[in-house]
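Please read the structure below before turning to the comments.
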Amino acid sequence: VETTVTVQRRLIAEGWSVAGVLLFFDPSTYWVLGLTEDAKGDRYLDFLEKYHGVWQAQNEGGTRLERTANENLHLKWSHNTEYRLRLTVDGEGIGAEVRAGTGGELLARAHYQFGKAEALRMGSVALLARGCAATFDDVAVTAPEAQQTSSSVRVESGREGSIAVLRDATLPES
């Protein structure tokens, strides 16, 4: 998922404000890539996982992930400036990029390898604006097309009728 985000202003006096993109399963399990501003007014990027209620799970125990890139996540972003946020996920890991506007200079990037750790590896996507006035433009969501073959569909008949069993060709055989 990727989008161009512009944060105009902060709307809350306390706590964190954030505008960005999410890959999520539910409110206790998601990844966020966001333009964050803390209560003191410090601005930086968040690229974090909340996994089954554990905040920053990518750094904790059995959910600790190997960080393979971590460039400039302390970016001091500015209000009223366009940033292109991109969150990518595949079977190996999850990555984040922030660019200056659409097609602009790469400002920050980070990546985590999943390895054998527990982590959110797929889900729904969403836009997030908490405690700030922000606009989102040019949103794009892409996913690889599954290769379907005639052997991916099997019809099984039983006493109560028939069902079609679909095999996801992207998953390993069990």
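Protection proxy ranking for 34-43, 90-99, 53-62, using the average of other Cβ atoms within 10 Å per residue and placing the highest first: 90-99, 34-43, 53-62.
Based on the convex hull around the alpha carbon atoms, segment 34-145 presents an average projected area of 8.0 nm².
Tell me the carbon and sulfur percent of the accessible area for the chain, rounded to whole percent, probe radius 1.4 Å.
Details: 5310 of 10590 Å².
That share works out to 50 percent.
The string of couplings for segment 19-33 from the Karplus curve (6.51, -1.76, 1.60, θ = phi - 60°) is 10, x, 10, 10, 10, 9, 10, 7, x, 9, 9, 6, 10, 10, 10 Hz, one whole number per residue in order, with x for Gly and Pro. For segment 61-101, the Cβ-based charge dipole about the Cα centre amounts to some 180 debye (Lys, Arg positive; Asp, Glu negative; other atoms uncharged).
Couplings for segment 64-78, taken from phi via the Karplus curve 6.51 cos²θ - 1.76 cosθ + 1.60 with θ = phi - 60°, read 5, 10, 7, 8, 9, 8, 7, 10, 6, 5, 8, 3, 8, 6, 10 Hz in order; Gly and Pro are left as x. Residues in the chain average 61 Å² of solvent-accessible surface per residue, probe 1.4 Å, ligands and nucleic acids excluded. Positive end of the dipole of segment 54-158 (Cβ unit charges, origin at the Cα centre): among 87, 108, 126, the Cα lying farthest that way belongs to 108. Coupling constants for segment 129-144 follow from the phi torsions by the Karplus curve (6.51 cos²θ - 1.76 cosθ + 1.60, θ = phi - 60°), and in residue order they are 9, 10, x, 8, 8, 9, 10, 10, 9, 6, 7, 9, 10, 10, 8, x Hz; glycine and proline get x. Quote the relative contact order of segment 1-160 in percent (integer), defining contacts as alpha-carbon pairs under 8 Å separated by 6+ residues. It rounds to 32 percent for segment 1-160.
The values are calculated or read from the model by the stated rules, or taken from the named source; none is laboratory data. These numbers come from a predicted model, not from an experiment. Note that each Cβ is placed from the backbone with ideal geometry, even for glycine, and that neighbours are counted across all protein chains shown. Just the protein is used for accessible areas: all its heavy atoms, side chains included, with ligands, DNA and RNA removed. Shrake-Rupley method; radii C 1.70, N 1.55, O 1.52, S 1.80 Å.
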